[in-house]
Amino acid sequence: MLLVTGAAGTTGGEVLRALRSRGVTARALVRDEGKAERVRQLGAEPVVGDLGDPPSLAGPLEGVERAYLVMPASPQQAEYELAFLEAARTAGVQHVVKLSVIGAGPDAALRFARAHARVEQALRDDGPAWTLLRPNGFMQNNLAWPAQVQDGVFYTPVPDAAFSLIDARDIGEVAALALTEPGHEGEVHELTGPEAVSYRDQARRLFGAAGREVEVREVPIAAVQDALVRAGVPRWNAEGLGELFEFYASGAAAGVTPGVQDALGRPPRSLDDFARDHLEELRA
Ligand SMILES: NC(=O)c1ccc[n+]([C@@H]2O[C@H](COP(=O)([O-])OP(=O)(O)OC[C@H]3O[C@@H](n4cnc5c(N)ncnc54)[C@H](OP(=O)(O)O)[C@@H]3O)[C@@H](O)[C@H]2O)c1
């Protein structure tokens, strides 16, 4: 049996889709029954549990051999993932495919990357067998952009920062491969899209594909962070996003890796593929 955590989220959903297209039914962890129907529609069997409440994981992990582990970035992310690993060891899980992030390491500039490094290290030290997925930023993040356009203007702190963003569908396919076929233990997949694209060009190409003309204007990072905090985003995450913008602006995430090609035997999806498949959301 396979367990997919974060099943109602971005990559978890893509992992379920990719498993379904391989004819594999997985158990899908959701935090509340309200999300169960969503994962049922992806062909999975919902189970309810919370990584912040480790005893709630015992039932969902019973009989599980392999698991996909993902948690949203938060001050608790590493702690919750470490608790999941402990519960997984107790339940006899043999292989964990963990979603990490590009540049993960104990001395990384990004707090998100340092948090992932703690969990990566725990897997290396105490198991179970692991596969690490270290993707660059997701194209799917940009589906939030249409709602952020004000009077035809899209604001970003780093319009000219280019990075090799990746379609989360490709991450889902690599995860499904590692979860269902033997021989992927101990692999680290550095996953990017096929090219580095600046925020300005991302906006031009995505909105352009949807027939919209949207101007891109620069806004101070602090203004974005304050707006996020006012909207209820924890200060830790807002500061982490500030680090991420600076990381992108430095060019550190502009490299293109062969990760998707090596794993799947085909090139990664492009930003134009992504736009074509999301025209409705981009027009909204
Ligand atoms: N976004 C990017 O560009 C990017 C790039 C590289 C790496 N990453 C990494 O990707 C991860 C996020 O992946 P994602 O976008 O697939 O996640 P996501 O969509 O943000 O969230 C995944 C799911 O986790 C569930 N969840 C939250 N807290 C939980 C808990 N305590 N117990 C059980 N489930 C819980 C949420 O459930 P609910 O639906 O109930 O809230 C949500 O459905 C982060 O670790 C981030 O560092 C992101």
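The values are calculated or read from the model by the stated rules, or taken from the named source; none is laboratory data. Bear in mind that the values here come from a model prediction, so they are computed numbers and not experimental data. We place every Cβ from the backbone using ideal geometry, glycine too, and count neighbours over all the protein chains shown. Only protein heavy atoms, including side chains, enter the accessible area calculation; ligands, DNA and RNA are left aside. Shrake-Rupley method; radii C 1.70, N 1.55, O 1.52, S 1.80 Å.
Points worth noting:
- Exactly one residue out of ARG266, ARG276 is over 18 Å from the mean Cα position of the chain (by Cα), touching a residue at least 12 places away in the same chain (Cβ under 8 Å) and surrounded by fewer than 18 Cβ atoms within 10 Å (Cβ to Cβ): that is ARG276.
- 1 or more residues closer than 17 Å to ARG27 by Cα: qualifying helices (runs of 4 or more DSSP H) within region 46-130: 58-61, 77-91
- Qualifying residue in region 170-182 (condition: aliphatic (A, V, I, L, M) and open to solvent by 10 Å² or more (accessible area, probe 1.4 Å)): yes
- Test: residue in region 168-191 that is under 30 Å from ARG283 (Cβ atoms), part of a loop (DSSP other than H, G, I, E, B), touching a Gly at 6+ places or on another chain (Cβ under 9 Å) and in contact (Cβ under 8 Å) with a residue 24 or more places away in the chain: no
- Some residue of region 146-161 being open to solvent by 40 Å² or more (accessible area, probe 1.4 Å), under 20 Å from the mean Cα position of the chain (by Cα) and either touching a residue at least 60 places away in the same chain (Cβ under 8 Å) or within 10 Å of the ligand (Cβ to nearest atom) (or both): no
- Qualifying residue in region 191-204 (condition: in contact with a Ser or Thr (Cβ under 6 Å, 6 or more places away or on another chain), of a type in the set (D, E, K, R) and at pLDDT 95 or above): no
- In region 212-231, the residues that are farther than 11 Å from VAL149 by Cβ, in a loop (DSSP other than H, G, I, E, B) and open to solvent by less than 70 Å² (accessible area, probe 1.4 Å): VAL219
- Residues that are over 16 Å from MET1 (Cα atoms) and of a type in the set (Lys, Arg) were ranked within region 19-39; the one that is farthest from the ligand (Cβ to nearest atom) is ARG38.
- Selection over region 100-145 of residues that are open to solvent by 20 Å² or more (accessible area, probe 1.4 Å), away from the ligand (no atom under 14 Å from the Cβ) and on the phi > 0 side of the Ramachandran plot gives a count of 0.
- Any hit, region 70-86, residues being at pLDDT below 95 and in contact with a strand residue (DSSP E or B) (Cβ under 8 Å, 6 or more places away or on another chain): no
- Filter pass, GLY34 being in a loop (DSSP other than H, G, I, E, B) and more than 20 Å from LEU191 (Cα to Cα): no
- Subset tally (residues that are open to solvent by 40 Å² or more (accessible area, probe 1.4 Å) and either β-branched (Val, Ile, Thr) or more than 10 Å from the ligand (Cβ to nearest atom) (or both)) for region 80-90: 4
- Given (1) more than 12 Å from the ligand (Cβ to nearest atom); (2) surrounded by fewer than 16 Cβ atoms within 10 Å (Cβ to Cβ), index of the condition PRO72 fails: (1)
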